[in-house]
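In what follows, a single structure is set out as structure tokens and then discussed.
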Amino acid sequence: MSTTLTPSQQIKLTADTEVVRSYLDNVTRPPKLTEAQTSLVLEEIGDLLSSKQAKIVAHYYTDSALQDLAEASNGFVGDSLEMARFGRDCDAEILVVAGVRFMGETAKILSPDKTVLMPTLKATCSLDIACPIEEFSKFCDDHPNRKVVVYANTSAAVKARADWVVTSSIALEVAEHLSQAGEQIIWAPDKHLGAYIQKSTGADVLLWDAACIVHEEFKARGLLDIKAIYPDAAILAHPESPSAILEIADVVGSTTQIINAAKTLPNKLFIVATDQGIFHKLKQVAPDKEFIVAPTGGNDATCRSCAQCPWMGMNSLTTLRDSLRDVSNVIEVEPHLITQAMIPLQRMLDFAVTNQLQVKGKA
Ligand code: 13P
Ligand code: SF4
């Protein structure tokens, strides 16, 4: 059973707050490169990767050129759980994490002896912003009997306060495990993912109130309109989407689970409710299939994200080249936070192994 928050417990730091808006003001889109400039930067990065024993770990939402480069240079592209595993297991001295800040911090926590760089340290996440450690810690203190489960999209300090860290690919299984053990749960920060796992598992969940600004924009009414035009299309949705979207989705899953569904389902057409960056891999794994972006609130200039994470978009070949060349944008996590945050992260990774959950992130 889920528990409704009383006003005093309810912490409103959702996508519409001034806090998130002030971070969005700092978003810069990298300039487009010509073909000649691109070849030159790729060559420079190739040389730097070899001379510095570095590997690129990229998320599916980053620019397609970064995804291709990560794979072509023996690095990795994956969902956030797989990125964490690959970073930990690979033998590089330097990891360049193309994604958002929590992904860089997770890599550092799991590989404290590696140097972890990011193309930009300004690439954050609305979920991370909306879960500041002081308020969150107090919230946990107010509910001491509950197991604290936090999404990977949080700061190192929030992870250090948790009993479990989960990503979208393992959230359901962990919630089920805790529920079967009779545990009550605090779930933070994503209210949509939390509500989804509560509904699917029946677990007793107390929700934090935050959302992803990208997924929150998907609209069920528009989705149903498209489905009416293409009745044979399957709807694939990331669980950060609102419940009205998840209820009509054929598959709900992490980015990798969405890609696997596109590969294995017999449908020829898919409507995809997640960041558009994933379309690059979807087209690679299922070239004979077609993909439509799920409708968002507004169109072009009137939508806030248009299914494109503004922070993921800050990663580019040039910013990656610069950070690698200068060894700049180094992720630093305080040693005591590394020690504490490692515990719930390791618990998740061990749980994935014990339960034989499919994770492809092998170095
Ligand atoms: P995945 O773990 O599914 O890759 O999701 C990360 C994320 O930030 C989605 O918005
Ligand atoms: Fe965060 Fe949403 Fe961007 Fe993922 S898509 S990094 S959850 S803001």
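The values are calculated or read from the model by the stated rules, or taken from the named source; none is laboratory data. Here the structure is a predicted model, which means the values were calculated and not measured. Don't worry about glycine lacking a Cβ; one is built from the backbone with ideal geometry, like all the others, and counts go over all protein chains shown. Surface areas here come from the heavy atoms of the whole protein model, side chains and all, with no ligands, DNA or RNA. Shrake-Rupley method; radii C 1.70, N 1.55, O 1.52, S 1.80 Å.
Give me a count of the residues in the range 88-100 that are free of Cβ contacts under 8 Å to residues at least 60 places away in the same chain and either surrounded by 24 or more Cβ atoms within 10 Å (Cβ to Cβ) or within 13 Å of ligand 1 (Cβ to nearest atom) (or both).
Number of matching residues: 1.
I'm checking my understanding of the structure. Among residues of the range 194-210 that are of a type in the set (A, V, I, L, M, F, W, C) and modelled with pLDDT of 95 or more, which one is farthest from ligand 1 (Cβ to nearest atom)?
Result: LEU206.
Considering the range 266-291 alone, what residues qualify as being more than 16 Å from ligand 2 (Cβ to nearest atom) and of a type in the set (Phe, Trp, Tyr)?
PHE270, PHE291 - these are the residues of the range 266-291 that are more than 16 Å from ligand 2 (Cβ to nearest atom) and of a type in the set (Phe, Trp, Tyr).
Does the range 41-93 hold any residues that are outside any helix (DSSP H, G or I) and either closer than 17 Å to THR120 by Cβ or among the polar types (S, T, N, Q) (or both), and which are they?
Selection gives GLN53, ALA54, ILE56, VAL57, ALA58, HIS59, TYR61, THR62, ASP63, SER73, ASN74.
Please state which of the following conditions GLY277 fails to meet, knowing it meets all the rest: (1) more than 16 Å from the chain's Cα centre (by Cα); (2) closer than 28 Å to VAL174 by Cα; (3) open to solvent by 10 Å² or more (accessible area, probe 1.4 Å).
Of the numbered conditions (1) more than 16 Å from the chain's Cα centre (by Cα); (2) closer than 28 Å to VAL174 by Cα; (3) open to solvent by 10 Å² or more (accessible area, probe 1.4 Å), the odd one out for GLY277 is (1).
Given the residues THR106, THR62, which is the only one that is over 19 Å from VAL333 (Cβ atoms), buried (at least 19 other Cβ atoms within 10 Å of the Cβ) and touching a residue at least 24 places away in the same chain (Cβ under 8 Å)?
THR62
Being open to solvent by less than 20 Å² (accessible area, probe 1.4 Å), among the hydroxyl-bearing types (Ser, Thr, Tyr) and under 29 Å from ALA54 (Cα atoms), is that true of even one residue in the range 144-151?
yes
For ASP204, all conditions in the list (1) under 21 Å from the mean Cα position of the chain (by Cα); (2) surrounded by fewer than 20 Cβ atoms within 10 Å (Cβ to Cβ); (3) not aliphatic (A, V, I, L, M) hold save one; what is the number of the exception?
(1)
Within the range 208-225, restricting attention to residues that are open to solvent by 10 Å² or more (accessible area, probe 1.4 Å), more than 10 Å from ligand 2 (Cβ to nearest atom) and of a type in the set (A, V, I, L, M), which residue is nearest to ILE197 (Cα to Cα)?
Going through the qualifying residues, I end up with ALA220.
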